[in-house]
Amino acid sequence: MSRIGKRPVELPSGVEAKLNGQKIEVTGPKGSRSFTATDDVTLAIDDGKVTVTPRGKSKRARQQWGMSRTMVQNLVTGVSTGFRKDLEIQGVGYRAQMQGNVLKLNLGLSHDVDFAVPEGVTITAPKQTEITVEGIDEQVVGQVASNIRDWRRPEPYKGKGIRYKGEFIFRKEGKKK
């Protein structure tokens, strides 16, 4: 039985939800997002709360119960406060800067990396060694941050590369003669 699915999703002030069949549309100060639930769950809005209940006791219905509740929670969080991923760059000469709608990365490669900012995401570089990815869709924000990180993942010997803020990199000892 889902423990996450049992809890209702609270709608903060300034956020409205509309239900149309299995599709829920949430509107807030940062924008509007929608999610279509499967036929295995029932969505209901009452008293400023969205509740998700399973239809039946099948394994799929119980799986969709918790997942659908989490998706609705992500919609509410996205339109009210948004999502954010912070990246930090470590390495001599490694730096990032924004030029218009393009993130320019100097990562020790033979060329500079130009990363075009996708729709629905805001990227800023407050310092040369910091990158902030923000948006209302958690999946897109995480994917963009992962794509930027893939240009130079942190290596275990010196720790150089792009890492998430607060990420621990297991360090290895070099060869001994």
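No value in this document is a laboratory result; all are computed from the given coordinates. These numbers were taken from a predicted model, which means no experiment stands behind them. Counting neighbours? That spans all protein chains shown, and the Cβs are built from the backbone with ideal geometry, glycine included.
Neighbours of I24, meaning other residues whose beta-carbon lies under 12 angstrom from its beta-carbon, give a summed charge of +2 when Lys and Arg score +1 and Asp and Glu score -1. Once the Cα-Cα distance is subtracted from the 0.36 nm per residue extended length, the K175 to Q99 segment shows a gain of 23.3 nm. For the chain, the mean residue ellipticity at 222 nm estimated from helices alone is -6500 deg cm²/dmol, where every DSSP H run of n ≥ 4 contributes -39500 (n - 2.57) and the total is divided by all residues, rounded to the nearest 500.
Here is the size of the stretch 83-164 from its Cα atoms: Rg then Dmax, 12.0, 36 Å. Hydrodynamic analysis of the chain uses the Kirkwood radius over alpha carbon pairs. Inserted into Stokes-Einstein at 4 °C and 1.567 mPa s, it gives a translational diffusion coefficient of 69 µm²/s.
Seen against the Cα atoms of the chain and their longest principal axis, helix 138-149 is set at about 10 degrees. Couplings 3J(HN,Hα) for the stretch 19-35, derived from phi with the Karplus relation 6.51 cos²θ - 1.76 cosθ + 1.60 (θ = phi - 60°), are 10, 9, x, 9, 9, 10, 10, 10, 10, x, x, 8, x, 9, 9, 9, 8 Hz, where x marks Gly and Pro. P(r) for the stretch 9-80, from all Cα pairs and a bin width of 5 Å, is 3, 19, 31, 23, 14, 6, 3, 1 %, short bins first. On a 0 to 90 degree scale, rounded to 10, what angle separates helix 59-80 from the longest Cα axis of the chain? The two axes meet at around 70 degrees. Could you tell me which of the pairs K30/K160; K6/K59; K30/K165; K23/K49; K127/K158; K23/K59 are separated by over 26 angstrom between their Cα atoms in the structure shown? Those over the limit are K30/K160.
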